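The values are calculated or read from the model by the stated rules, or taken from the named source; none is laboratory data. Since the structure is predicted, the reported quantities are computational estimates derived from the model, not experimental observations. Ideal geometry is used to build each Cβ from the backbone, glycine not excepted, and the neighbour counts take in all protein chains shown.
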């Protein structure tokens, strides 16, 4: 019995020793495996900067003609014989756009001129008779009544002459109306004139953009209206076109009761090459303020939220949710989630996740006190205060 108990105890000790050795080996292998895991990525850090960015007020609206000119028919009942311009043509003030048949009007003018000649002859005869009668007044050869008749006859002849001249002038004007002229420089946007049509007076023939001048009529939130003033710079973008620089000309005095927005009028440059009717977005620059910024490459959009990534003490990635604001050049405004001078991963964040092991190869935060410059759209300079990153 004693030998059996000794053998059993030895077996138990042996089993326990094997178990302890196995656990120790497993833990040691795990530790060695963890220490041997390579970094997921080599990263560089950048510092959260305090930068001076412009304050921008967004707006949307349509590009329209500054003024439109409707060119209609002045002559009544005449037939169009020639249309010399079409939609998209650029015309100059006084340029002939269309012609009406002038045969009837020319004949009427000839008749009116003949009537004027006849009336002038009658006036000459009547005035001669009146002068002769006045000379005989003192001699008593003619009665006062006869003399008055000659004087009145001369006055009547002069009145008939004025009527004839008025009819002649009317005929000349009607002849001029057979030539449809451009009222100003501009670009034709619509044409209703058709060769052979008999047009009534007042009917629209053409419509044109006066002086080819366009403007942007945009809606701005009522809360931002007080920040706007004529003369402010505007940057506008339309689909398929580069940025367009405009100038705020006027602010509407009334607010829309439907949208609760205000209307602003922005002058566009003549070489903008944008078309009337185009929808455009833009913003007004009304000042500047200091804010925190990071490079756009440091911000990750994931599951509808924005994140930046920091490196913890053990070289593991720590994700921080942030709120972003304005985007100027390659910088993004951080409104919540970060503090000034904090370091974040500069790029490659799309390949990383929370807890990944990384290798920090360099840091680009600087403390030389040098002022750095950021650049926004169209080369606009944005100052960054001393101590900010490059």
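Quick notes
- Scanning the stretch 149-166 turns up no residue that is farther than 30 Å from residue 124 by Cβ and at pLDDT below 90.
- Residue check for residue 223: within 30 Å of residue 83 (Cβ to Cβ) and not in a strand (DSSP E or B): no
- Residue in the stretch 194-205 that is within 26 Å of residue 271 (Cβ to Cβ) and in contact (Cβ under 8 Å) with a residue 40 or more places away in the chain present: no
- Looking across 249, 241, one residue alone is out of contact with any strand residue (DSSP E or B) (no Cβ under 7 Å at 6 or more places or on another chain), surrounded by 13 or more Cβ atoms within 10 Å (Cβ to Cβ) and either in contact (Cβ under 8 Å) with a residue 12 or more places away in the chain or assigned by TED's automatic domain parsing to the domain that holds residue 185 (or both). It is 241.
Table: residues versus (1) in contact with a helix residue (DSSP H, G or I) (Cβ under 6 Å, 6 or more places away or on another chain); (2) outside the structural domain of residue 80 (by TED's automatic domain parsing).
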site	(1), (2)
159	no, yes
166	no, yes
171	yes, yes
206	no, no
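- Scanning the stretch 357-364 turns up one or more residues that are buried (at least 17 other Cβ atoms within 10 Å of the Cβ), within 18 Å of residue 299 (Cα to Cα) and modelled with pLDDT of 50 or more.
- Check on residue 136, in the same structural domain as residue 108 (by TED's automatic domain parsing) and modelled with pLDDT of 90 or more: no
- Selection within the stretch 226-270 - over 13 Å from the mean Cα position of the chain (by Cα) and in a loop (DSSP other than H, G, I, E, B): 228, 229, 230, 231, 232, 256, 257, 258, 259, 260
- Being part of a strand (DSSP E or B), modelled with pLDDT under 90 and under 27 Å from residue 54 (Cβ atoms) is a property that residue 382 has.
- The numbered conditions (1) at pLDDT 90 or above; (2) on the phi < 0 side of the Ramachandran plot are all true for residue 55 except (1).
- Exactly one residue out of 262, 287, 329 is surrounded by fewer than 14 Cβ atoms within 10 Å (Cβ to Cβ) and either outside the structural domain of residue 244 (by TED's automatic domain parsing) or in contact (Cβ under 8 Å) with a residue 40 or more places away in the chain (or both): that is 287.
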